[in-house]
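Computed from the coordinates by the stated procedures, all read-outs in this text should not be read as laboratory data. Worth saying up front: this structure is predicted, and the values here are computed from it rather than measured. Using ideal geometry, Cβ is built from the backbone for each residue, glycine included, and neighbour counts are taken over all protein chains shown.
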Amino acid sequence: MIYYYAHTGHKVGLERARRGVTVLRQLEAAGREVQLLVNDFRAGVAMKEEQGLKDYVNIETVQDIDAIAQMGDSVIIDSDEDDHGRLVKYCADFKTVYRFAHDEKDVSIHGETLFRPDCHNPECEEAVIVDAQYFEKTSKTERVLFFLRDYDHDKTILNNADFFRQFDMELLLGHYFFVKYENDLEKLFYRLHEPEEYTELLSTSTTVVTASAQAAVEAKASGVKVIFMLLEKQKPLYPAALLQAFGIDVVDGFDVSALDAALKKENPEATKALHAFSADALLKEI
């Protein structure tokens, strides 16, 4: 069995779950037994509704993977949580262990293979994971779609209402948005879209503005003009410099002039190509 643990929740969103579903989908198609582990049941429900996930298991934290996985299984850990030394046991008990690097200085400690955002080493895997469906050609609808991310527990959008009133954008709601939150948000946007429309809207909009790095690369793969909003205290899933290399504009925070300029200028030229994820390398080891 292959387990993919994705750290999820109302304060971290679903970025890791989305790339986890992409990985597991290919491994399952190759005949492997797979299981997604998440630490919030709503994440699993969201992936069923949005990505067609068949099943998932809910656990508390990264320290509880071995409550489900058994000796001889393989594990992929997609989390920035502190494992409190649990990784030592995982590497000893499981057949293979993969882990997403926490930052550019992170190194393999116990023999686990790392996923890195910009990998030039044969002993690591590429961490920018985009499903092949986003590379399919689709007709575009003229719209500027704003997707903050799947959560907004601090009501970031409402706290920047004056900013959003300056633009004519449509909003893709997040799976973790508060109940009735959309009643306030509909006053700021031309139109609201349900979270289940995530994949379709990222693929068919002409422009996407987002604070989600995973959404940014997925939309870019679909040939969409993408503007990534780097928020204060935010640690993006992929470095801002790498997003820029993919031809994604990056603006700092809620700067009306910066976003207006980015919306008006030509799509920046990419210096690094995006590629659809392939599980071939994993299949050789797992």
* Note the direction-averaged projected area, equal to a quarter of the hull surface, for the Cα convex hull of region 196-286, in nm². => 7.4 nm²
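Would you please classify the overall shape of region 2-127 from the alpha carbon gyration tensor, given that a ≥ b ≥ c denote the square roots of the eigenvalues, rounded means a/c under 1.5, and beyond that prolate means a/b larger than b/c while oblate covers the rest?
Numbers: a/c = 1.36, a/b = 1.32, b/c = 1.03.
Verdict is rounded for region 2-127.
Which length gain, in nm to one decimal place, applies between V179 and H275 when the Cα-Cα distance is subtracted from 0.36 nm times their residue separation?
Values: separation 96, 0.36 × 96 = 34.56 nm, distance 3.68 nm.
Here the answer is 30.9 nm.
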* Relative contact order of the chain: what whole-number percent is it, with Cα pairs under 8 angstrom and at least 6 residues apart? -> 16 percent
* Asked: Hey, rough spin-label estimate for D252 and E194, points 7 angstrom out along Cα→Cβ, what's it come to in nanometres?
  -> 4.0 nm
* Structure fact -> Mean projected area (nm²) from the convex hull of Cα positions in region 179-221 is 3.6 nm²
* Quick one, can you get me the convex hull of the C-alpha atoms of the chain expressed as volume per residue in Å³? => 126 Å³
* Structure fact -> Quick calc, F167 & A245: beta-carbon distance into FRET formula, R0 30 Å, rounding 0.05, result 0.70
* Okay, which of region 1-37 sit inside 18 Å, backbone N to the point 7 Å along the Cα-Cβ direction of E126? -> 19-27
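Can you give the local net charge around T8? Use residues other than it whose beta-carbon is closer than 15 angstrom to its beta-carbon, Lys and Arg +1, Asp and Glu -1.
Details: positive: K11, R16, R18, R19, R42, K48, R149; negative: E15, D40, E49, E50, E60, D64, D78, D80, E81, D150.
Taking every other residue near T8 into account, the sum is -3.
Add +1 for every Lys or Arg and -1 for every Asp or Glu among the other residues with Cβ under 9 Å from the Cβ of T113, and state the total. Spell out each step's value before the answer.
Values: positive: R99; negative: E112, E123, E125, E285.
So the surrounding residues net to -3.
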* Structure fact -> Footprinting proxy, I286, I76, I65: sorted fewest to most Cβ within 10 Å, the residues are I286, I65, I76
* Just subtract the alpha-carbon distance of N160 and N58 from 0.36 nm times their residue separation and send over the number in nm, one decimal. => 33.3 nm
* Any idea what log10 I(q)/I(0) is at q = 0.10, 0.13, 0.16, 0.19 Å⁻¹ for region 133-264, Debye with uniform C-alpha scatterers and no solvent? -> -0.28, -0.48, -0.76, -1.11
